[in-house]
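The values are calculated or read from the model by the stated rules, or taken from the named source; none is laboratory data. Everything numeric in this text was worked out from a predicted model, so none of it was measured. Heads up, the Cβs are rebuilt from the backbone with ideal geometry, glycines too, and the neighbour counts pull from every protein chain shown.
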Amino acid sequence: MTFKKEELPLSMGQKVTLKVRNEVFNVLVRGWYKGQYIILDLPKVGSDYFRIVPQTGLQIHFTKEGLFVNFKSSSILTFVQSVSLLVVEYPRTVDTHNLRKHERFKANFMINFINEIDSKKNGNLGIIRDISSGGILFTHSRQVAKEDRLRFSFQIPKCGDVQEQLVEVRNIRKNPKSQNSPFVTGAKWRDISSETETIITNFVQMRLAERRNAER
């Protein structure tokens, strides 16, 4: 898979791996201009900045949202000032590999869930952030644990209602920027019902149709 220039998935402050003359560094993205250049932190070795002259060949790779991105480039110039930066050429081609088995689709739906080990069966609220045929990513305020089994109930407009579908928690991370929903949890469908499977399939097909229409 190769990205077009305007589709390179960069973001400010994103960490990337930079390889120069068999030396490997982790640096941050500080800016870019599509089709022209990318600005990175100038790497250091100890207390000294690594010397990179113009037209030095280099390689950059990173992973973002399950997508591994890799490309070759060359340096344009460096700034060694109070803020030291490296400017590299924007790549003409980019090699990518999707590390996820199932493609995810953005969502923003309210969800109610209960933990199967909770004897009181208290309901908890959260927000679905993306859905795939393999599972779901959601944010919430009450902490859960890896391998917990939850029962999800939510509605997908134009697709249907999911009632008490079983999922298993696979990964958890925290979002310190959110006070209302500090936990970000990925869960995998378990014993998915035919009704839920149909609803998720309809949602995926709807998102794919929207994407095709947007590309025309």
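Data for the structure
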item	result
Selected residue (criterion: nearest to residue 33 (Cα to Cα)) from residues of segment 53-104 that are at pLDDT 90 or above and in contact with a helix residue (DSSP H, G or I) (Cβ under 9 Å, 6 or more places away or on another chain)	90
Residue ranges of strands (runs of 3 or more DSSP E) in segment 106-216 with at least 2 members aromatic (Phe, Trp, Tyr) and crowded, with 16+ Cβ neighbours inside 10 Å	149-156, 183-189
Enumeration of residues in segment 109-145 that are at pLDDT below 90 and among the basic types (Lys, Arg)	120, 121, 142
Verdict on residue 70 being surrounded by 15 or more Cβ atoms within 10 Å (Cβ to Cβ) and assigned to a strand (DSSP E or B)	yes
Residue that is in contact with a helix residue (DSSP H, G or I) (Cβ under 7 Å, 6 or more places away or on another chain) and within 24 Å of residue 176 (Cα to Cα), where the choices are 131, 127	131
Residue ID - farthest from residue 107 (Cα to Cα), chosen from residues in segment 162-200 that are hydroxyl-bearing (Ser, Thr, Tyr) and touching a residue at least 12 places away in the same chain (Cβ under 8 Å)	193
Pair list, Cβ under 7 Å, 6 or more apart: segment 1-29 residue modelled with pLDDT of 90 or more, other residue of a type in the set (Ser, Thr, Tyr) and part of a strand (DSSP E or B)	24/17; 26/17
Among the candidates 128, 114, residue that is over 17 Å from the mean Cα position of the chain (by Cα) and aliphatic (A, V, I, L, M)	114
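Yes or no, residue by residue, for (1) buried (at least 16 other Cβ atoms within 10 Å of the Cβ); (2) within 16 Å of residue 11 (Cα to Cα); (3) basic (Lys, Arg):
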site: 35; (1), (2), (3): no, yes, no
site: 43; (1), (2), (3): yes, no, no
site: 54; (1), (2), (3): no, no, no
site: 60; (1), (2), (3): yes, yes, no
site: 64; (1), (2), (3): no, yes, yes
site: 74; (1), (2), (3): no, no, no
site: 83; (1), (2), (3): no, no, no
site: 87; (1), (2), (3): yes, yes, no
site: 92; (1), (2), (3): no, no, yes
